Each structure stands twice: as structure tokens, then as C-alpha cells.
Amino acid sequence: MDQLVVTGGARLSGSVAVLGAKNAVLKHLVATLLAPGTHRIDNVPSILDVSLMCDVINHIGATCRFNGSTVEVDVPDELVPEAPIDLVRRMRASIIVLGALLARRGVARVALPGGDDFGSRPIDMHLDGLEAMGASFELVHGVLVGSAPNGLRGADVHLEFPSVGATENLLLAGVMARGSTTIGNAAREPEIQDLAEFLSRMGAQVRGAGTSTIEIDGVSSLEPAHHRAVPDRLEAGTYLVAAAMTGGEVTVTDCVPEHLRMELRKLGDAGSEYEVGKDWVTLRGPDRPRPVDFATLPYPGFHTDMHPQMVALLSLANGTSVITENIYAARFRYVGELNRLGADVQLEGQHVIIRGVSVLSGCPVDACDIRAGAALVLAGLRADGYTTVTEAQHIDRGYSDFAGKLRSLGAEIVRETV
Ligand code: UD1
């Protein structure tokens, strides 16, 4: 068990580069399963979730080789069409192999992911869409067994909600289905557009990714491809909040500012000043943030995965902010931890009411999940004394060398193995 010990007080300054998006690379790894041969993905972050997804696709028969921020994936002709419970439990995103395995093998056995810290996260939209494409499912001893003995066929699917995972599963299934598939009310996240670009490099025929209607013409086979992952807007956004939090000035490079439009707008409303270039953002934080209200929404709305970091910032505002969480029913475990640091955050259903305080005071807190862990480290940067964030492995799932990068910006933070 590792922990991060933060000594509050430093104003961050300098420049930090971000790598490829976790939520894109995980899907690229799965997409490789669609074509035998050697694929190459560049700009891959060195994070735990990428290793976990490599374990999943290795189990299925692929071989992942890392060289710095590049991963090469060898995919054999024959695949083992299953993701067992020990892997799915460690990473819920493993469910994304369903579409690819049904497309390649006509069968998929994937342990059913349970609930998690964000409340129950059903996969009904994934299954309804795949059923419309000719798959059928049964639950056998906790394992979801999908089969499409006659192959998948194109279908018109209209999602009830623009689910990121369901859109991706259907995209992966549709590129090799017989005929055309339309995904209506599709998620519009940049990572989906990036997955579609990778699939297009493999020879897939996809139009409209990044809009609410994705049209796919199925092809009978795909080729291995090279691709550079889209920059991680969540990693970039977290360092920008760190700058805002400490009243510092930080330039985040190798990012796509356009992908952070809503988050930057809210950081501006909270008193930060920023400038953007083609692939960089420089943000100067205020001495004390102003309160702001917002709601998390599917892209291009405010990203739910930036919500805890923003609450950490607003906990120090000179007034009351209200944030409404619309994506997850229970993304609030970090609230109790933040309050232990002296914040005044209260939950009213899906609303988070944050009454700004003038000081936070360091103590041991628990990093419940990736973004909660990051938010607590950011709070520690501004708290009096030491803040020890335990269970740092949660942070490792989504951030490569979080402590090292913050240290390079002047933060006092060390990692300890307990
Ligand atoms: C992905 C991201 C996650 C991000 C989320 C929303 C990855 C690996 N994870 O998760 O970091 O927070 O998008 O931007 O890319 N839902 C259903 N039924 C379904 C599918 C989803 O009810 O069939 C619900 C979920 O329970 C959740 C909401 O829809 O409350 C959003 O889920 P979804 O967009 O699918 O997120 P993920 O793909 O799981």
C-alpha cells in the first residue's frame, strides 16, 4: 500500500506535459483484437488501468510489448473469447471486449461487472444494442455468455442515454457486422472520435463519430494499424485545477484545449485567468476562488471525472457553490474525506453544496477512486500541514507519476510505501 504525503503551501509554477487519454487507450487495446497482426499505439500513459487492460487482452490471446510510451500488440488468428471475473473485477471497462469478441468469434464470455463505488452501473444499453445486431445473452453462474452463431448484422440502435461504453461496444461490434449500423443518441466524447479514427486506420468505414449519429458500413476484415492516442483531457484538467487551487501559474502542454472548453469556462468563472494555444493552456489561479455552480453532463458538458477536483477547489471559495452530478448516482465517497480536511461540503440527493472555507487543515484521508484521490491531493496542496492520501494505487490507475509531475511544478509531495 502506497501513500502520498503532501505538505501544503506551495504555489505551483512551470510546465507539465500530458500523455494519451486513459479512456481512449483502453478502447484502442480492445480494438486491436479485431485484426490479427501487429498494431502500434503511441502516446500511451504508464498507468495501472492500461496494464490491467493488457492483462485482459493477453488472456484473450494477444501479446502487449511496451517501449516507453509506445505499446505494440500482437494479435493471433485464434482468440480465447473470455474475460474472467478476476480481471473484470479489477477493471469494469473490461466489458468493452463484448462487442469485439462477438464480431471476431461470434461468442463472448465476460464475467458480469458488479456495482462499484459510483453505485450500480448497469450495461442494459450495451446488451440491447448487441441484441438488435443479432447477439443473444444468458447469465451462467455470474458469467454473461453472448453468442451470435450467424455473425452480427447491422442495425439501427437508438441509445436511451449517450453512454460512452455502450457507444464504443456497438462501434466495435458494428465495424465488422454484415450491412450498415446506425447508433443514434451516441456519446460524443473526443475519446470515441479517437477510437473511430483508429478503427478507420484499420480499414473500418465509420462516419459521424463525435456527433450524436454514428453510421458504420460493416467490412469483412480489418488490418493492423498505427495510431497516436488523443491527449488526456482529464490529466490536463487536473493539473489546471492544481494551478487554480494554489494560486499558481502552470502551462499544460501536449493537450487539446478545445476538449476542455467547459471545464476552462468554469475555472474562469471561479477566478482563474487562462490563455490557450493550439496544444497548450496556461492558467493563473486566483488568491481565493469565487463560487460557481454547474452540472456534470455528457460531452461537451462538464466532465463528471473533473467533478471531485472542482469541488476541492470550490471548498476554498469565498461563497457557496452548488454542483449537480447527473452521470453517476453515487460519486460522493470523497465528500467525507474532504470534510475531514475542514471543507464544508454537504450532499442533497444529486446536489453537492459547497460552502467555501478560508483554510483546510491536513490529515490522513483515503483516495477512494482515481479522481477522488487526485482531488484529495489537490486539497492537500492548499491545506495547512501534512495531508496523507492513502491507497495511492487508485490514483495510479489514471495518472502516470502524479507525485513526480506535481513535484516538477514545485509541490511538496512524496510517495511512501507503507
Ligand atoms: C466512461 C469512462 C468514465 C466516465 C464515463 C462518463 C471509460 C473507461 N470510463 O465510463 O471514466 O466517467 O464514461 O463520461 O471510458 N448506464 C446505464 N446503462 C448502460 C450504460 C450506462 O444505465 O447500459 C449509466 C451508467 O450507470 C452511468 C451512466 O450511464 O450512470 C454513464 O455511463 P457511461 O457513459 O456508459 O460510462 P462508462 O462508459 O462506464
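Points to keep in mind about this one:
- Scanning the stretch 149-169 for residues that are more than 15 Å from ALA132 (Cα to Cα) and either buried (at least 19 other Cβ atoms within 10 Å of the Cβ) or of a type in the set (Gly, Ala, Ser) (or both) yields a count of 5.
- For the stretch 213-268, a residue qualifies if it is open to solvent by 40 Å² or more (accessible area, probe 1.4 Å) and at positive phi, and exactly one does: ASP254.
- The set of residues in the stretch 293-326 that are of a type in the set (A, V, I, L, M) and open to solvent by 10 Å² or more (accessible area, probe 1.4 Å) comprises ALA295, LEU297, VAL322.
- Looking across the stretch 112-125, the residues that are at pLDDT below 90 and either more than 18 Å from VAL164 (Cα to Cα) or surrounded by fewer than 19 Cβ atoms within 10 Å (Cβ to Cβ) (or both) come down to LEU112, GLY114, GLY115, ASP116, ASP117, PHE118, GLY119, SER120, ARG121, PRO122.
- Entirely in the stretch 281-388, the strands (runs of 3 or more DSSP E) that have 3 or more residues that are hydroxyl-bearing (Ser, Thr, Tyr): 320-324
- Of the residues GLY134, GLY146, the single one that is touching a strand residue (DSSP E or B) at 6+ places or on another chain (Cβ under 9 Å) and outside any loop (DSSP other than H, G, I, E, B) is GLY146.
- Residues in the stretch 336-369 that are of a type in the set (Val, Ile, Thr) and either surrounded by fewer than 21 Cβ atoms within 10 Å (Cβ to Cβ) or touching a residue at least 60 places away in the same chain (Cβ under 8 Å) (or both): ILE353, ILE354, VAL357, VAL359.
- Residues that are closer than 23 Å to ASN23 by Cβ and either at pLDDT below 95 or of a type in the set (Asp, Glu) (or both), drawn from the stretch 148-187: GLU160, GLU168
- Residue within the stretch 61-75 that is within 15 Å of the ligand (Cβ to nearest atom) and assigned by TED's automatic domain parsing to the domain that holds LEU139 present: no
- Qualifying positions in the stretch 197-215 - under 18 Å from ASP156 (Cα atoms) and either of a type in the set (Lys, Arg) or part of a helix (DSSP H, G or I) (or both): ARG207
- Yes/no for GLU249 being modelled with pLDDT of 95 or more and within 30 Å of LEU33 (Cα to Cα): no
- Number of residues in the stretch 35-85 that are of a type in the set (Val, Ile, Thr), crowded, with 20+ Cβ neighbours inside 10 Å and part of a strand (DSSP E or B): the value is 4.
- Residue that is in contact with a helix residue (DSSP H, G or I) (Cβ under 8 Å, 6 or more places away or on another chain) and more than 14 Å from the ligand (Cβ to nearest atom), where the choices are ARG284, ARG288: ARG284
- Of the residues making up the stretch 319-335, just one is without any contact (Cβ under 8 Å) to a residue 40 or more places away in the chain and more than 13 Å from HIS351 (Cα to Cα), namely GLY319.
- Taking the stretch 370-395 as the range and being open to solvent by 10 Å² or more (accessible area, probe 1.4 Å) and either out of contact with any strand residue (DSSP E or B) (no Cβ under 8 Å at 6 or more places or on another chain) or closer than 18 Å to ARG340 by Cα (or both) as the test, the residues that pass are ILE370, ARG382, ASP384, GLY385, TYR386, THR388, THR390, GLU391, HIS394.
- The set of residues from the stretch 170-187 being buried (at least 20 other Cβ atoms within 10 Å of the Cβ) and either not assigned by TED's automatic domain parsing to the domain that holds VAL80 or not small (Gly, Ala, Ser) (or both) comprises LEU170, LEU171, LEU172, VAL175, MET176, THR181, ILE183.
- Looking across the stretch 175-196, the residues that are away from the ligand (no atom under 16 Å from the Cβ) and either in a strand (DSSP E or B) or not β-branched (Val, Ile, Thr) (or both) come down to MET176, ALA177, ARG178, GLY179, SER180, THR181, THR182.
- Matching residues, the stretch 324-337, being among the β-branched types (Val, Ile, Thr) and within 15 Å of the ligand (Cβ to nearest atom): THR324, ILE327
- Of the residues contained in the stretch 264-276, one or more are found to be touching a residue at least 12 places away in the same chain (Cβ under 8 Å), over 16 Å from GLY247 (Cβ atoms) and outside any helix (DSSP H, G or I).
- Every residue from the stretch 389-412 that is among the polar types (S, T, N, Q), closer than 16 Å to ALA17 by Cβ and not in a helix (DSSP H, G or I): SER400
- Among the residues of the stretch 128-148, those identified as open to solvent by less than 30 Å² (accessible area, probe 1.4 Å) and either within 16 Å of the ligand (Cβ to nearest atom) or under 16 Å from ILE327 (Cβ atoms) (or both) are GLY129, LEU130, MET133, ALA135, LEU144, GLY146.
The values are calculated or read from the model by the stated rules, or taken from the named source; none is laboratory data. Note that the structure is predicted; figures quoted are calculated from it, not measured. Methodologically, a virtual Cβ is constructed for each residue, glycine included, from the backbone with ideal geometry; neighbour enumeration extends over all protein chains shown. We work out accessible area using only protein heavy atoms, side chains counted, and drop any ligands, DNA or RNA first. Shrake-Rupley method; radii C 1.70, N 1.55, O 1.52, S 1.80 Å.
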